[in-house]
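Working notes for the structure below.
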């Protein structure tokens, strides 16, 4: 009867770096889309284009041409780089945008603290105070000879690298020939005013997040910490896409390295400003990350990491002069990277083994670091077995219809109480989407309520099970309640993503146990590390079958063990020797060569 | 009676890098000036501005505006950089110009060969062939582990620097897992195809000239040599003006380093092309130079070298990764610089001590390396005494009216035969100017002929003693004979310059003898090193009093001993230890602190 109106087109908007995706109707501005998605864009002028607080950068796709308001507010070079005002730009295709941190009102939650094992203080860099006589016609020794001969009273014949030597004459004269010299073995790595504290830096380069810790090398105390997003996200969300970027784009590898180093230099700035520490006081850094992050940070080729059989260039520990990397510390500072175990078990997992002292446990203990790749180690009778499984990005909120990273507004807990859904969001704000721990709770809860069968199919009757686009979904947060004009739901596909993730993790655990002739019940402790692992509900994880059914007190959620391990390695030479030893001893199990892996994995998919 | 005509203005033209200066009348083109000065500028079109073969760069002063011919022949960027056609540009003030080597028809004579003492082959870099199994799912070792475990069968646990590690995966795969690995101690510094020869590079960085030698590390044979001008000349002729440039100009130090490295990279290119050697085959370089050249090459500050008490930043030997310097060798290659002895006795003199084995002589031997600074060492009874004297640039042709460097057309020999002047020029071409050995001969000859008194004043009657600008001069080559419309003469001021130079050198020699309680006649040998020292007539040098009167067979002219020493150090680890020992043992005598120096110097000025 009525005229046929063509259905309005819908575009998909990806908000980076927070990882939120939403579909909007043609004609919505990016600001509308952000508000619908619950992304907290600053918008001081209320969206009329007369401030630039909602500035963001168009990375992929097409928007309407810049308005005259945008031409007023944005510089020529910003416009050229793709910056837009979210309140003015209207998508004309699927788009991906990058939100600068200053345009976000609530920064994403970053996990930067990990539990630290007690570590005896034995740092690679130590102080030596010198009181020199200035040069004169009667004493014509070179600056270095003068310094060296004074140090030799206390230490072995010292050496100096060229970058530190360049800074030496100005410093000795500025400090009037009295100085605190920092020595790394026999090498002069810093020349500072007397009574300056020697500091070190521990860095965990995650695929998604960066965590940095400023540590007093003389006391071992962490005096400041700072986190940020890994800026490489703009060039690929996961390890595979970054390796591909590095290999296929001109200077791709260099770009990824430079962006990362820039972000780390900003973190160092932040740490220094907070603590009134000078960059020159930072005399060493320990950097951990998965093998791909390790290689991209160091500038090593990653081609062979992206092709079978996926071997690293270097598994041994590396020492790189900070100046070679462009990392702005003391000119003599070195960066230490612990050994990688395999192509997909990196220095970050080595740092976890160090932080947890897994190698010296006399119990049977398993350590699990959950991420897009999940690394698992099993300590038993002095053996260390280790594997990596592709658990996918579902726990980071990716591939989940209303998934998002653990940022403000994410549903992080969900419970059925007397059959009613109870939600808890990060920051206590109205729900915007679901992060990893929330979806895990949801699936566990739905299983408990009998709303899912063992294959992951929605079943039973519940007013929250509704039809959407012809499929059944479970409504976690109806639009009417969350204020975003949009239901937040769990779909059958979401449940399947969780099944794939938990199935892979559980298969990895079971194969390690099998290799050691053990059963799950033999495990005396299971250590859960990593951001996601810290926030999950263990009961939910057991309920979905990700973990074996063991008493709750056998599980330990320890936070960022990689960061903690980096800090340990910063203040202990001894632990660096241990890391080398572990590298030589660990039994790496390559799951893809196990003929039974596929079978075990398929079995573990079910609930 | 006649009208007063204003005398035409005259401008002084400095031709660099060959160091020739001439005065011309207003209105002369730069090409006219070059031809008058005997500078062999290429001029294919005959000076009508239709080729660009006489292209040069205006460095200081003002010329006429570029003509339409120049605008046709030179690019915009060349014009902006000050390039001009010599046949078109007319000086409007005193000017200094830089002649690119392609615009010179006869390159300057460079001295690149020095006598080599027999040195046992014991290079820092040695070869180790490996035959590896490729990675597979059953053998997932990293590239480095694979390589390392194969090398460990023959050598201690090897390490790798980050730059070499970056190149490792491509090379191992390109060479199909068979490779010749170059090891420097336990460090992998090169990965080459099997059967490749390991090469090294010895470089002597002179203030004026660069000499480079490509050496086969497995046989010790020098397979090629190449020389060039030091491009830093454009920023200051001598050490002092370069130190001043480094300290006063923005990024002055970096500019001097970059220009030098660029020139060295060109030399390396030349050496490689001549011998079909790849850069990757060059696994180590040894670089020697005076302390200022050493510091400018390394990028070390030179401020304290230009201010009393003139101390170096580093006197110890230095090892610098070639990649840090921008020197294009194997990515793992190191550059070794031997120790400096003092602010004005550099690593080049150390190399001379090594090449001559002066430290192990059981005779009483003196070694003299003559240059703008002259370094002198005396070996006696196991002692090594050493000093430096400011002999000035007269022997390089500077501060001499018709002086020039030892390039084509320079008078290099002069004799009175039956009262007649006989000249010999470099290349046998008509005389253009006088170089150091020529002026020394001229002064000695004039003394023999009774034309100079002991103070250096022209005396006696000779048709060649003529008046010029109201002063008496000695005409070496009349305009009528040399075809340049200009007499080549020796002035009273020229003679004084030679007196200052020879007085300083002789005073230094005498003070060292005095320190050792010796007289000149006790010297069993005098070794004369360096470019100038190779070409001088010893009799002339004795006649002017630069050297003591000793039998001719006690003098040895050995050529570029610094270069020879660099080659020795390239193939012998043992000699590097010796150099360190010498640095600790040599007795450096600072002449300026000697109260009797001025008196001895004044006495030695006379003939």
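Any read-out appearing in this document is the output of simple, stated calculations on the displayed coordinates, not a laboratory observation. Note that this is a predicted model, so its numbers are computed, not measured. In this analysis, Cβ positions are derived from the backbone assuming ideal geometry, glycine residues included, and neighbour counts consider all displayed protein chains.
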Legend entry - Largest to smallest principal axis extent of the C-alpha atoms in the range A:310-451, angstrom: 60, 43, 27
Legend entry - Inter-part distance where the range B:275-338 and the range A:384-402 are each reduced to a Cα centre, Å: 50
Legend entry - Cubic angstrom per residue, convex hull over Cα atoms of the protein assembly as shown: 233
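Quick check: from the Cα gyration tensor, does the range B:24-73 come out rounded (a/c under 1.5), prolate or oblate? Walk me through the intermediate numbers first.
Details: a/c = 1.65, a/b = 1.11, b/c = 1.49.
In terms of gyration-tensor shape, oblate.
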Legend entry - Residues B:576, A:242, sorted so that the one with the fewest Cβ neighbours within 10 Å comes first: B:576, A:242
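What's the ranking of B:483-494, A:546-557 by average number of surrounding C-beta atoms within 10 Å, highest first?
Details: B:483-494: 18.4, A:546-557: 15.5.
Highest mean packing first, the order is B:483-494, A:546-557.
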Legend entry - Sites residue B:157 and residue B:81, calculated FRET efficiency, Cβ-Cβ separation with R0 35 Å, nearest 0.05: 0.10
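For residue A:461 and residue A:53, what does the FRET efficiency come to when R0 = 41 Å and r is the distance between their Cβ atoms, rounded to the nearest 0.05? Before the final figure, lay out the partial values.
Values: r = 47 Å, r/R0 = 1.16.
E between residue A:461 and residue A:53, to the nearest 0.05, is 0.30.
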Legend entry - Spatial extent of the range B:125-192: Rg and Dmax, with the Cα atoms as the point set, Å: 10.9, 34
Legend entry - 10 Å Cβ neighbours from other chains, averaged over peptide A:319-329: 2
Inset, instruction - Rounded to the nearest 10 degrees, what's the angle between the helix B:162-174 long axis and the longest principal axis of chain B, both from Cα atoms, 0 to 90? - result: 70
Inset, instruction - Taking each label point as 7 Å beyond Cα in the direction of the beta carbon, state the distances from residue A:362 to the same residue in the other copies, shortest first, in nm. - result: 7.0
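Just to be sure I follow: if Rg is taken over the C-alpha atoms of chain B and Rh is the Kirkwood radius over the same atoms, what is Rg/Rh? Can you show the working numbers first?
Details: Rg = 26.7 Å, Rh = 26.2 Å.
My calculation puts Rg/Rh at 1.02.
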Inset, instruction - Report the closest approach of any chain A C-beta to the axis of the A-to-B rotation: residue and distance, in whole angstrom. - result: A:324, 4
Inset, instruction - Highest first, please rank the peptides A:333-342, A:55-64, B:416-425, B:374-383 by the mean number of other Cβ atoms sitting within 10 Å of their residues. - result: A:333-342, B:374-383, A:55-64, B:416-425
Legend entry - Helix B:239-248 axis, angle to chain B major axis (alpha carbon atoms, nearest 10°): 70
Inset, instruction - For the range B:200-337, just say rounded, prolate or oblate: build the C-alpha gyration tensor, square-root its eigenvalues into a ≥ b ≥ c, call rounded for a/c under 1.5, and beyond that prolate if a/b exceeds b/c, oblate if not. - result: prolate
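Counting DSSP beta bridges with both partners in the protein assembly as shown, what percentage is antiparallel, nearest 5? Write out the running numbers ahead of the final one.
Details: 150 of 212 bridges.
Of those bridges, close to 70 percent are antiparallel.
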Legend entry - Separation of the residue A:595 and residue B:363 label points, Cα + 7 Å toward Cβ, nm: 8.3
Legend entry - Label geometry 7 Å along the beta-carbon vector: residue B:472 inter-copy distances in nm: 12.5
Inset, instruction - Of the DSSP beta bridges with both residues in chain B, give the percent that are antiparallel, rounding to the nearest 5. - result: 70
Legend entry - Isotropically averaged projected area of the range A:10-103, using the convex hull of Cα atoms (one quarter of hull area), nm²: 5.0
Legend entry - Ascending count of other beta-carbon atoms within 10 Å, so fewest first, for B:11, A:175: A:175, B:11
Legend entry - Anisotropy class of the range A:523-607 from Cα gyration tensor, a/c 1.5 cut: oblate
Inset, instruction - Once the label point is placed 7 Å from Cα along Cβ, list for residue B:10 the distances to the corresponding points in the other copies, in nm, shortest first. - result: 9.3
Inset, instruction - Using only Cα atoms, tell me the angle between helix A:436-448 and the longest principal axis of chain A; keep it within 0 to 90° and round to the nearest 10. - result: 40
Inset, instruction - Output the peptides A:345-354, B:496-505, A:217-226 sorted from most to least packed, where packing is the average of other Cβ atoms within 10 Å over each peptide's residues. - result: A:345-354, B:496-505, A:217-226
Legend entry - Estimated distance in nm for a label pair at residue B:65 and residue A:448, the labels positioned 7 Å out from Cα along Cα-to-Cβ: 9.0
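How many percent of DSSP beta bridges within the range A:253-346 run antiparallel, rounded to 5?
Details: 5 of 8 bridges.
DSSP beta bridges in the range A:253-346 are roughly 60 percent antiparallel.
Within 10 Å of each Cβ of A:133-140, how many other protein chain Cβ atoms are there on average?
Whole-number average of other-chain Cβ neighbours for A:133-140 is 4.
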Inset, instruction - Would you give the gap between the C-alpha center of the range A:464-533 and the C-alpha center of the range B:229-260, rounded to a whole Å? - result: 66
Legend entry - Rg/Rg_globular for the range A:417-526, with Rg_globular taken as 2.2 N^0.38 Å and Rg from C-alpha atoms: 1.29
Inset, instruction - Pop the C-beta distance of residue B:493 and residue B:521 into the FRET formula with R0 = 30 Å and round what comes out to the nearest 0.05. - result: 0.35
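Give me the inter-chain shielding for A:299-311: mean count of other chain Cβ atoms within 10 Å, whole number please. Before the final figure, lay out the partial values.
On the way: counts 4, 8, 7, 1, 3, 7, 1, 0, 0, 3, 7, 3, 13.
Whole-number average of other-chain Cβ neighbours for A:299-311 is 4.
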